[in-house]
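Shown next, in structure tokens, is the structure this report addresses.
The values are calculated or read from the model by the stated rules, or taken from the named source; none is laboratory data. On a predicted model such as this, the values are computed, not experimentally measured, just so you know. Reconstructed Cβ throughout: ideal geometry from the backbone, glycine too, with neighbour counts over all protein chains shown.
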Amino acid sequence: MSLNYLEFDYSEDADGVGTFDALAATASAHNAAVLAEVATVLAWAHHAFEAQRAPLNEGGEWDYDLQGWREFSAGDVLEFDDNNGELSVQPQVAGAARHTVSLSLTGTSGFCMAFRERFQPS
């Protein structure tokens, strides 16, 4: 299955523990699609490795960290008055929210292999 919004980067530590990290930042119109992909990934992991989610240092096969936030930005109109050498700033109204979701999955080599087979991350 390919994912349209979540693009995972992979890293591995010296003990062979793998981590897949994805970060998606979208306009509000696409946030539901991003969250649906997150739900798909986590539902697969919970189903495929049922009752094996726990920190790896406590005997788990896999674990995850999920975070989300909304960011609002507002531009400033900057004008330079060359007669008096001063800069004026006119704050603008904040625009629409940008939604960001961060998902990190950590797992054993077996989990990582199964994850790659299912989602084919780069």
* **Residue, nearest to Ala114 (Cα to Cα), within region 48-70, restricted to residues that are loosely packed, with under 11 Cβ neighbours inside 10 Å and within 21 Å of the chain's Cα centre (by Cα)** => Pro55
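Residues that are under 27 Å from Asp15 (Cβ atoms): find the strands (runs of 3 or more DSSP E) completely inside region 29-111 holding 2 or more of those.
Of the strands (runs of 3 or more DSSP E) lying wholly inside region 29-111, those with at least 2 residues that are under 27 Å from Asp15 (Cβ atoms) span 62-71, 98-107.
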* To do: Assess whether Ser11 counts as being surrounded by fewer than 15 Cβ atoms within 10 Å (Cβ to Cβ), under 13 Å from Leu105 (Cβ atoms) and in contact with a strand residue (DSSP E or B) (Cβ under 7 Å, 6 or more places away or on another chain).
  => yes
* Could you count how many residues in region 1-29 are within 23 Å of Glu71 (Cβ to Cβ) and either among the hydrophobic types (A, V, I, L, M, F, W, C) or touching a residue at least 60 places away in the same chain (Cβ under 8 Å) (or both)? -> 14
* In region 86-100, residue farthest from Val34 (Cα to Cα) [restricted to those that are surrounded by 11 or more Cβ atoms within 10 Å (Cβ to Cβ) and hydrophobic (A, V, I, L, M, F, W, C)] -> Ala94
* Which one is nearest to Gly110 (Cα to Cα), of the residues in region 59-75 that are among the aromatic types (Phe, Trp, Tyr) and free of Cβ contacts under 8 Å to residues at least 40 places away in the same chain? -> Trp69
* Structure fact -> Of the residues in region 112-122, those that are surrounded by 10 or more Cβ atoms within 10 Å (Cβ to Cβ) and either of a type in the set (Lys, Arg) or assigned to a loop (DSSP other than H, G, I, E, B) (or both) number 4
* Structure fact -> When every residue in region 14-47 that is among the acidic types (Asp, Glu) and at pLDDT 95 or above is compared, the one farthest from Leu105 (Cα to Cα) is Glu37
